[in-house]
Amino acid sequence: MAQDEFDRLFTYMNKEFSVINKKLDTKADKGQIDSLINSVDGIIKRLDDDQANNAARDIILNRHDRWIHEIAYKDGIKLSRP
């Protein structure tokens with residue numbers, strides 16, 4: 001391999017590695033990915049908690065509605081069903 005061929009190859013490789021390094025600099029590191037995963041996990045936990053709370057609330061509201069209708073029926077009051 002002649003010196004000028006080597007120089008051209010070296011210059012070409014430097015340009016390619018420079019492009020690759022610039023692309024790698026824009027990628028997230030492991031710490032950033034872990035932080036993102038932890039944030040998403042926290043959001044999912046809050047959504048799960050909200051769903052459980054909503055289900056419990058719905059059960060209580062349905063029970064209260066049933067009791068109100070039972071009391072109204074016993075007292076001769078007609079209530080409409082929603």
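The values are calculated or read from the model by the stated rules, or taken from the named source; none is laboratory data. These numbers were taken from a predicted model, which means no experiment stands behind them. Because the Cβ atoms are built from the backbone with ideal geometry, glycine has one as well, and the counts that use them run over all protein chains shown.
In this structure, is residue 36 touching a Phe, Trp or Tyr at 6+ places or on another chain (Cβ under 9 Å) and without any contact (Cβ under 8 Å) to a residue 24 or more places away in the chain? If you could, list the steps in order and put the result at the bottom.
Values: touching a Phe, Trp or Tyr at 6+ places or on another chain (Cβ under 9 Å): no; without any contact (Cβ under 8 Å) to a residue 24 or more places away in the chain: yes.
No.
For segment 38-58, check the following and say yes or no: at least one residue is in a helix (DSSP H, G or I), more than 19 Å from the chain's Cα centre (by Cα), at pLDDT 90 or above and among the hydrophobic types (A, V, I, L, M, F, W, C). Write out each step before concluding.
From segment 38-58, those in a helix (DSSP H, G or I) are 38-58; that's our starting set.
Next, from what is left, pick out any that are more than 19 Å from the chain's Cα centre (by Cα): 53-58.
The next check asks that each one be at pLDDT 90 or above; those that pass are 53-58.
Next, from what is left, pick out any that are among the hydrophobic types (A, V, I, L, M, F, W, C): 55-56.
So far as segment 38-58 goes, yes, one or more of its residues are in a helix (DSSP H, G or I), more than 19 Å from the chain's Cα centre (by Cα), at pLDDT 90 or above and among the hydrophobic types (A, V, I, L, M, F, W, C).
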